[in-house]
Structure formats: C-alpha cells, structure tokens
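Take a look at the structure set out below.
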Amino acid sequence: MAVVTETAATNGVSTAVKHKVIFVLGGPGSGKGTQSAKLVSEFGVVHLSAGDLLRAHMKSGSKEGTMVADMIANGQIVPSYVTVGLLQDAMRDSGKGVFLIDGFPRNEENRAAFEEQTKITPEFILFFDCPAETMEKRLLGRQEGRTDDNLETIRKRFKVFEEQSLPVVQHYEKTGRVARINADRDPEDVYREVRRLFEEL
Ligand code: UDP
Ligand code: MG
C-alpha cells in the first residue's frame, strides 16, 4: 500500500501524488539493471539504482563522497542516511509516481530506515534468484570500469549479499510480497516472466 508522501499545487488546486515502489533485489550480477531498463521502456516507470546514485555521489568530491567510494570498492553497505537521502531526493525530483528501486534495501537497517523516513511500503519485491557461478561470470565479463568488479571485491559482495541482503528478502517473504524469478536464463526469457507482473500494476 502506497501512502501520500507529497502534494503538488496545480492551478491553485492541491493534488496528492501517490508513490508506488517496487524493490528490485538479487545478488550482484543477477540482472537487476538489465531487467529494470526493459521495464522503463515498456511501462514508463522510473528506475532508481541505489548503486548508480551512490556512484554519482562519490564523484562529488566531498568527504561523504570519499567514504562512499571506499565502501563501494570494498563491497560494504553505505549507511542508510546517505542512501535513503539520495533516493528521496531522486523520487521528489522525478515528479513521477511509480519507482523501481534497484539494489536497495541491502540490509535490515536500510529497510527500516526507508520505511521510517518515507512511510512507503513496497507494492512487491522483484527478486532475481541466480547462482553465484553465473553472477561471477557476468560481473567479470562486463567492462564498465567499476572499482568493485574484480574477483576480490566480487567475493566480498557475495558474502555481504548472503549474510545481510537475503534476510531482507526473507522478511518480505513472510508478508507474501516477493515475486521470485529464476534469473539464470537469457535476459529475454527472464523479461517475459517479469513483464507480466507489471501489466496489472
Ligand atoms: N551500495 C550500497 N547501498 C545500496 C546500494 C549499493 O552501499 O543501497 C553499494 C555497495 O557497496 C554495493 C555497491 O554499491 O556493493 C554496488 O551496488 P550495485 O547495486 O550498483 O551493484 P551490484 O553489487 O548489485 O551489482
Ligand atoms: Mg546494478
């Protein structure tokens, strides 16, 4: 259930904007960004990658930016106040209503901080289930110049995902909000299944 988080004045009439959020979760290299891009072009939803927002933020040159850069290079989870702030700003600035939030929440602290600060409960969670061998091959195969796509950091990211991020998925499974997708397939095959969830939204 989405709640009213913002009001906009139009011709002197105040209209409430409802924010709908879908969390896109899955291990590093499970296909979150690839599938999100397809959903943007077909359904016009707004894609917010927490990792992309943090990578942009680390280029700011501020002290906080340097901390974010170090944490990403080590596969660690950035404190919630930074990430939730970036997500809230991006949601507000978009002026839109339906958001795919990709790669967040990554731990229980992230989840609690988001719900507390935005008062938004996600519509559902899209969870890309993928074996580590497949994810590792994809990460080592992509050449995006990321500081964390090296074998040492990849292994750390897998560990953090299993220990801290999977419990978030398990939390939402208890409320029946998780759509689990087999992501160990061709992206087109994965998308055929994913898109069905958005036709009724
Ligand atoms: N990250 C974070 N909090 C988030 C999202 C990302 O701290 O909510 C950091 C974390 O260090 C992670 C990195 O950004 O390992 C890259 O995240 P992204 O989602 O871009 O990539 P993935 O690891 O899922 O491929
Ligand atoms: Mg990504």
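None of the figures in this text is laboratory data; all of them are computed from the coordinates on show. In this text the structure is predicted, and so the values were computed from the model without any measurement. Cβ: placed from backbone, ideal geometry, glycine included. Neighbour counts: every protein chain shown.
As a calculated quantity, the FRET efficiency between Q170 and E64 at R0 = 22 Å, using C-beta atoms, amounts to about 0.10. Taking the fewest neighbouring Cβ atoms within 10 Å as the starting point, the ordered list for D129, D149, D102 is D129, D149, D102.
Contact order, relative form, for the chain: 31 percent (alpha carbon pairs under 8 Å, 6 or more residues apart, mean separation divided by residue count).
Net charge within 13 Å of N182 by Cβ-Cβ distance, Lys/Arg positive one each and Asp/Glu negative one each, not counting N182 itself? It works out to a net charge of -2. Counting 0.36 nm for each residue step from T34 to S94 and taking away their Cα separation leaves a gain of 19.5 nm.
In this structure, D184 and E42 have a Cβ-Cβ separation that, at R0 = 22 Å, corresponds to a calculated FRET efficiency of about 0.45. By its C-alpha gyration tensor, with a ≥ b ≥ c as the square roots of the eigenvalues, how is the range 105-201 shaped: rounded for a/c under 1.5, else prolate for a/b larger than b/c, else oblate? Note, shape of the range 105-201 comes out oblate. Think of each Lys and Arg Cβ as +1 and each Asp and Glu Cβ as -1; about the Cα centre, that makes the dipole of the range 88-194 roughly 100 debye. The mean sequence separation of alpha-carbon pairs under 8 Å and at least six residues apart, normalised by the residue count of the range 61-125, gives a relative contact order of 29 percent. Largest first, the extents of the alpha carbon coordinates of the range 14-160 on the three principal axes equal 52, 36, 26 Å. What separates the Cα centres of the range 23-43 and the range 68-144 is a distance of 11 Å.
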